[in-house]
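Here, each number is a calculation from the coordinates, and none is a lab measurement. Treat the numbers as computed from the prediction; the structure is a model and nothing was measured. Note that each Cβ is placed from the backbone with ideal geometry, even for glycine, and that neighbours are counted across all protein chains shown.
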Amino acid sequence: MLEKLAKQTAVYGISTIVVRFLSYLLTPYYTRIFGQETYGIVTDVYALIPLALTLLTMGMESSYFRFSARADQAGGDVAAAKRRLFATTWGVTSLAAAVFFVLVVGFRGALSRGMGAAYAAHPEYVVWVGAIILFDVWSCIPFSRLREQGRSLTFVGIKALNVVLNVVLAFVFGAAGFFASEFGVGWVFVANLAASVVTWCVVLATVNRTVPRIDRALLAVIFAYSLPLLVGGLAGTANEFIDRQLIKYLVPSGAMAQLGVYGAITKIAVVMMLFYQMYRLAAEPFFLSNFRKSDFVRMNAAALKYYVMASMLIFLGIALFRDFFALIVGRDFREGIFILPVVLGANVLTGVWLNLSFWYKREERTSLAIVVTGAGLLAMLGFGCWFIPLWGYFGAAWARLASESVMVAVSWWLNRRFFPTPYEWGRIGEFAAVALAVFFVAEFFGRSAGNMWVAYAFNIVLFAAYSAYLVRRERIDVGALARSVFRKR
């Protein structure tokens, strides 16, 4: 079964890396044509969009996976049951998005003034962003359906179309001089909206002429499952964007510039987030399927260990060579590269508590998501209000790490209390401790070496040694693993 998860992760992973690489071409581009404050607007908006998406999708993605598995288990006319489930979840999210957009248009003046002076001067920015959210929500459940059906190549192909169109339009607008006009950074949102509209039109072709139609009885049952996921998701998403808002409102001076630097540096952690995203895309429908409890427990325990192994390799691969990765962003943004290891550490922990969340989603105890993400949000607010006024965006990075640590700790306690799973915590802790030891040795040698190339050569040796240690410690047959992952079905 884990071979299936590895194969799905590889399919999503290779394609997602290509797609996201194209998307992240915009980071070096925007950080070279925009100043720190202007790029701060981009960082701010794209931190807020996920919160709106979480609110409007209402936990329906996980609900769709879980209730699709129920339909398979129940038997009978499975196709009709899934069609009714799809129409209902798609219908309620589409309706919510439409109402949201009408409210954004109606209150654009007040919203733009509340978001700050840069938006008050251009309230149309708020409308464009609201339209992006509208079409992204309309596309969300059809994309979930593709994942549930195992149509990973179709899923990634349409996502790739979105990214390619967005990137091409951004470069075209830049070449035409649009970013230097009075509308300025608003053209970033225009490019995104055009890509979102085209994506929605294409994904409609996959729905087999199903139309959004809400079955109220079914929706009531779904909401009982998804409402805790919605509340927990809002807390979790707020936790992910609140660091940007705290920078914006707590830094005494130059807040938007610091926000721009922070946003650019967090983008450099792209490989870690790519791995997290590709793993989540494969693991969520996989672990929410109808496995026996014994199989689920065994696979979930093994999956967490291998996730940590891969994550620590990625952590070292970026952290040991962060000066090289700093070249991704414009010169004005590289001053913040020293926070990158902290950001990477927080991203590793995100995947850890994702693994620890699958059991309560499977057991339909989704109210526990509120406990986990709520604890993380409180930690983010507490540490953020403490660190950010003192250290600016460096404090935001440490507050993020503290928040993710709290969520892992709470998830660990809940798992031990309600659904004991034989995670190999000793081995997992060993892998993390050795990786951190390698990092600190490299840091010490790098400061004393006096030559960047000598330090890089030493880091390559350390990275290779850590990789060999993992392979030997776990007795991994690398060749057999590669054949298992990439062989044709």
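Summary of values
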item: Average projected area [Cα convex hull, segment 31-120], square nanometres; result: 8.0 nm²
item: MRE, 222 nm, helices only [DSSP H, n ≥ 4, -39500 (n - 2.57), over the chain, to nearest 500]; result: -28000 deg cm²/dmol
item: Charge tally in the Cβ shell below 10 Å around residue 362, where Lys, Arg are +1 and Asp, Glu are -1, residue 362 excluded; result: +2
item: C-alpha center-to-center spacing [segment 161-180, segment 414-465] in angstrom; result: 39 Å
item: Label-point gap, in nm, between residue 409 and residue 183 - each point 7 angstrom along Cα→Cβ; result: 5.0 nm
item: Segment 64-209: C-alpha gyration tensor shape, a/c 1.5 cut-off, then a/b vs b/c; result: oblate
item: Kirkwood hydrodynamic radius (C-alpha pairs) into Stokes-Einstein, segment 326-371, 20 °C and 1.002 mPa s, D in µm²/s; result: 162 µm²/s
item: Karplus-derived HN-Hα couplings along segment 92-102 (A = 6.51, B = -1.76, C = 1.60, θ = phi - 60°), whole Hz, x at Gly and Pro; result: 5, 5, 5, 5, 4, 5, 5, 4, 4, 5, 4
item: Cβ-Cβ FRET estimate between residue 201 and residue 292, R0 fixed at 35 Å, reported to 0.05; result: 0.25
item: Neighbourhood charge, 10 Å Cβ-Cβ cut-off, centred on residue 207 and excluding it, Lys, Arg +1 and Asp, Glu -1; result: +3
item: Sites matching trypsin sites (Lys or Arg not before Pro) across segment 291-388 that sit in DSSP coil, with at most 12 neighbouring C-beta atoms within 10 Å; result: 292
item: In Å, descending, principal axis extents of the Cα set of segment 60-102; result: 41, 18, 8
item: Hydrodynamic radius (Kirkwood) for segment 260-400, which is based on Cα pairs only, to one decimal in Å; result: 16.6 Å
item: Within-12-Å neighbourhood charge of residue 121 [Cβ basis; K, R +1; D, E -1]; result: -1
item: For segment 61-76, 3J(HN,Hα) per residue [Karplus equation, 6.51 cos²θ - 1.76 cosθ + 1.60, θ = phi - 60°, Hz, x = Gly/Pro]; result: 5, 4, 4, 4, 5, 5, 6, 5, 5, 4, 5, 4, 5, 6, x, x
item: GluC sites (Glu not before Pro), loop per DSSP, at most 14 other Cβ atoms within 10 Å - longest free stretch of the chain; result: 1-181
item: Relative contact order of segment 90-144, pairs being alpha-carbon contacts under 8 Å that are 6 or more residues apart, as %; result: 44 percent
item: Counting all C-alpha pairs of segment 161-210, share separated by more than 18 Å (%); result: 38 percent
item: Hydrodynamic radius by Kirkwood, which averages 1/r over all alpha carbon pairs of segment 356-489, in angstrom; result: 18.6 Å
item: Geometric extent, Cα atoms of the chain - Rg, Dmax (angstrom); result: 22.5, 71
item: Measure of compaction for segment 186-251 (Cα Rg per 2.2 N^0.38 Å); result: 1.68
item: Using θ = phi - 60° and Karplus 6.51 cos²θ - 1.76 cosθ + 1.60, couplings along segment 322-327 (whole Hz; Gly, Pro as x); result: 5, 5, 5, 5, 4, 5
